[in-house]
Every structure is written in structure tokens, then in C-alpha cells.
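Take a look at the structure below.
FYI, it's all coordinate maths here, none of it is from the lab. Note that the structure is predicted; figures quoted are calculated from it, not measured. In this analysis, Cβ positions are derived from the backbone assuming ideal geometry, glycine residues included, and neighbour counts consider all displayed protein chains.
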């Protein structure tokens, strides 16, 4: 089971620089647009901590639920993706 947890942690860590790269690539700035990704990454991290240390129980579920609701609420501050214009 530890190998799956290590793999999930590696994917979570690898997704963070990818998110930063894409934000810089598209010129997204501001702290409000960071709230949704931070909430979603934190929910994943809490889930991994819960799997490693099964001490939290219902509190970890509650924290994850709050983070997911907050993350979905703050997606309104994220900019919509713009289609690239084709030049011919």
C-alpha cells in the first residue's frame, strides 16, 4: 500500500510546478485565482495524510469536504480558457 501512496504523493508534487508553469504561460496573476488550486491540492494532501496516519477519522473527511467546497466556490475567480487564434 505504501507504493501507491508514494505514487500519489509524487503525482501531487509533480502537478504543482505544472500548475505554476501554466499560470505563467497564460499570464494569470492575482491571489484570488490561486485559491481554487490551493484548496484542491490541500484536499489531496489531507487525504494522503489520512491514509498514512489513520488518526484523524471524521475530521479529515470534514476538512476535505470544506476544502473541496471552498475550491469549487473559488473557481469563479479563475479566468476562462481562451482559444488560440489560427493565422493562415
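Principal axis analysis of the Cα atoms in the chain yields extents of 58, 28, 18 Å, listed in decreasing size. Here the scattering of the range 30-78 is modelled by Debye summation over its C-alpha atoms, one equal scatterer each and no solvent; at q = 0.16 Å⁻¹ the log10 of I(q)/I(0) is -0.44. Simple spin-label estimate for residue 38 and residue 13 gives 2.2 nm between the two label positions (7 Å along the Cα-to-Cβ direction from each Cα).
For residue 24 and residue 65, FRET efficiency with R0 = 30 Å and r from the beta-carbon atoms, rounded to 0.05? E(calc), rounded to 0.05, equals 0.45. Model label points for residue 51 and residue 78, set 7 angstrom from Cα along the Cα-to-Cβ axis, are 2.2 nm apart.
Of the peptides 45-51, 8-14, how do they stack up when ordered by the mean number of other Cβ atoms within 10 Å, highest first?
Result, highest mean Cβ count within 10 Å first: 45-51, 8-14.
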